[in-house]
1. Sorting check: for A:199-207, A:219-227, which peptide has the highest mean count of neighbouring beta carbons within 10 Å, and how do the rest follow?
2. Nearest 10 degrees is fine. How inclined is helix A:139-151 to the longest principal axis of chain A, computing both from alpha carbons?
3. For the protein assembly as shown, what is the percent of antiparallel DSSP beta bridges, rounded to the nearest 5?
4. For q = 0.16, 0.17 Å⁻¹, what log10 I(q)/I(0) does segment A:5-234 give under the Debye formula with an equal point scatterer on each alpha carbon and no solvent?
5. For segment B:246-275 and segment A:288-338, what is the centre-to-centre distance using only Cα atoms, to the nearest Å?
6. For peptide B:88-100, how many partner chain Cβ atoms fall within 10 Å of a residue's Cβ, on average?
7. Along Cα→Cβ, 7 Å out, is where each label goes; now give me the distance between the ones at B:PHE55 and A:LYS351 in nm to one decimal.
8. Under a cut-off of 12 Å between alpha-carbon atoms, report the aspartates and glutamates in cross-link reach of A:LYS365, not counting same-chain residues fewer than 8 places apart.
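Only the coordinates and a few stated rules stand behind these numbers; no lab work does. This is a predicted model, so every value here is computed, not measured. Using ideal geometry, Cβ is built from the backbone for each residue, glycine included, and neighbour counts are taken over all protein chains shown.
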Amino acid sequence: MIDGFAVELRQVVKKFGQVTAVDKVDLQIRDGEFFSMLGPSGCGKTTSLRMIAGFEMPTSGQVFIGGEPQGYLPPYQRPVNTVFQHYALFPHMSVYQNIAFGMEMQKVDKNEIQQRVGETLEMVHLSGMDNRRPKQLSGGQQQRVALARALVNRPKVLLLDEPLGALDLKLRKAMQVELKILQDQVGITFIYVTHDQEEALAMSDRIAVMNQGKVHQLGTPEEIYEAPANRFVADFIGESNFVPGVMQKMGPPAEISVTGTEQPIAVEWLEDGINAGDAVVVSVRPEKIRIHPMGQAPTYPAMCRLSGQVEKVIYLGTDTRYLVRLNEESAVVVRLQNIISGGGHFNEGEKVDIRWDSAHARVFKE
Amino acid sequence: MREKLQRFPALRAWLLLLPATFWLIVFFMAPLVIVLVYSFLERGTYGGVVWNFTFENFQRVFDMLYFSTFLRSIYIALLTTIITLLIGYPLAYFIATRPPERRYTLVLALMIPFWTNFLIRTYAWLTLLRTNTGLINTMLMSWGIIHEPLPLFGNDFAIVLGLVYGWLPDMVLPIYAALDRLDFGLTEAAGDLYASGFPTFRRVIWPLSIPGVVAGAMLVFIPSLGAFVAPAILGGGKSLMIGNIISNQFLAAHDWPFGAALSTLMMTFMLAGTLIYFRAAKRGDAQ
């Protein structure tokens, strides 16, 4: 490996007719990494994966696997294997034949095939299922066969296209843990495509958040959640409040006047390209906001304070959500953990103060 | 009455089946039994039968003269089946891999010629193939490409050509139906697992399309075996198939019992073929 990257996309573009599915994407995926491509449907994540696998060819740009440019190599000449969304198991073959297929195509010795199929079946907890047909297996078992069929070939990179999408929630959670353990065990680079942000946060070493064919942010789950790079990422990952306002002073300290209030609030991080006088939104996560009875919020430096009225209280078990109306145009969701049983510390209609640390606010272009 | 029907749902089912049962017994089973019975009787002088029981008709069936025609018919029907498969499979594959809205147009295009009567279409072939006045030979000779007319007519070639033309859609449609159901994600999976084009076909596409191939082969083989229009017209009266001999026994030779015996033999043969088909289909389902 020349550059130490398992997979690299350089200025990759894919057009389908007039539609640009992937728009000048640069990605460098490290060896042994659990890398996720996350985004809504149509964001270009699956197309990117298919270009790595060789099912689609880039309109321009280059895909490298293990430092080697792939050009127009067909899928069967690339050192990667795929776990498909709907598994694509061969219905006329047994579990054993499905898993052995790739090795047979590569003319692996019969005894070795037998040994490796056995080992892999054991790894995915399907020993003894050799002679079943895919139809005779549950969704979760089919998923494991698909995984085994890819992993048994010991690819440099395993591509997973929403592999858990067809499973029910409970099984999906269990498989997330299992996949992660499996990846540690085999040490293969995983490239994982999903639209489920929780799944991506839970499993990935790094995530590329994509939208409309572009990578919006690349980072660890924590970076992406705590420090979203733009409004799309803040909105797509987890829950965010977006309070509209106007950029007052560029600072430091930078200040914003929230629409409908008089006192400006301090902010620390601004998206590039914002100037004084621009319309902006202040983005804060609901769990980063504290809530106090009116006039009782402690004052610290770097604390932003706004007043409002509790409009709605929603009890959620582990925590309670308060919808606090600031003025006619904006309201903020606050999430408080229910540490003391009984929940409701505040009632609907109550006047309250809310506050947050200015380090937790991100300011994006409107 | 209504109350009775409500109390006995099975009775209602039987009542619904009545017209079909009547139809099958009177117009399907009865003629079949008549054919079977006639095949054991003696011929009347001017057609019809004389009610004397005999095995003689079946002894004559195995007379080399007729039995060789029977074997030749099997050979021609097999050849027709193989050729329609070789032409029909790629065609079905092509149609099944087009975008959905194009597929219906293509299937329709395949069917359109068959809205015209088979006899008329066969006569159209006659004008193309005829030895001295046929369109193909006259054109090739006027262009100086050939000097002697090609033997396109009055032989097995012409018969097989007519049959292939006639039964091609019966081969294409079942294969198309099988391929249409095939998840082409599977071919991607095969490619991902190091199988190039041909191994993907051999290991994935072909096995999954076999039910369609078997159905198509049956639908082509059976009517080809009993064909008599194509051999009568394109065979030029010289190249005969079993279907022609049977129709001659009834219409020209006035030997109904012998015609019936030949029919019985052919039906037995086809029944055997159909049973093999159903057994194969059952095995396919079990997978």
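1. Numbers: A:199-207: 20.8, A:219-227: 16.4.
Peptide ranking by packing, descending: A:199-207, A:219-227.
2. So the helix axis and the longest Cα principal axis differ by about 70 degrees.
3. On the way: 63 of 83 bridges.
Close to 75 percent.
4. Cα-only, vacuum Debye calculation for segment A:5-234: -1.13, -1.25.
5. First find each Cα centre; the distance between them is then 93 Å.
6. On the way: counts 0, 0, 0, 0, 0, 0, 0, 0, 0, 0, 0, 0, 0.
Mean inter-chain Cβ contacts per residue within 10 Å come to 0.
7. About 11.6 nm separates the two model spin labels.
8. Cα-Cα hits under 12 Å: A:GLU271, A:ASP272, A:ASP278.
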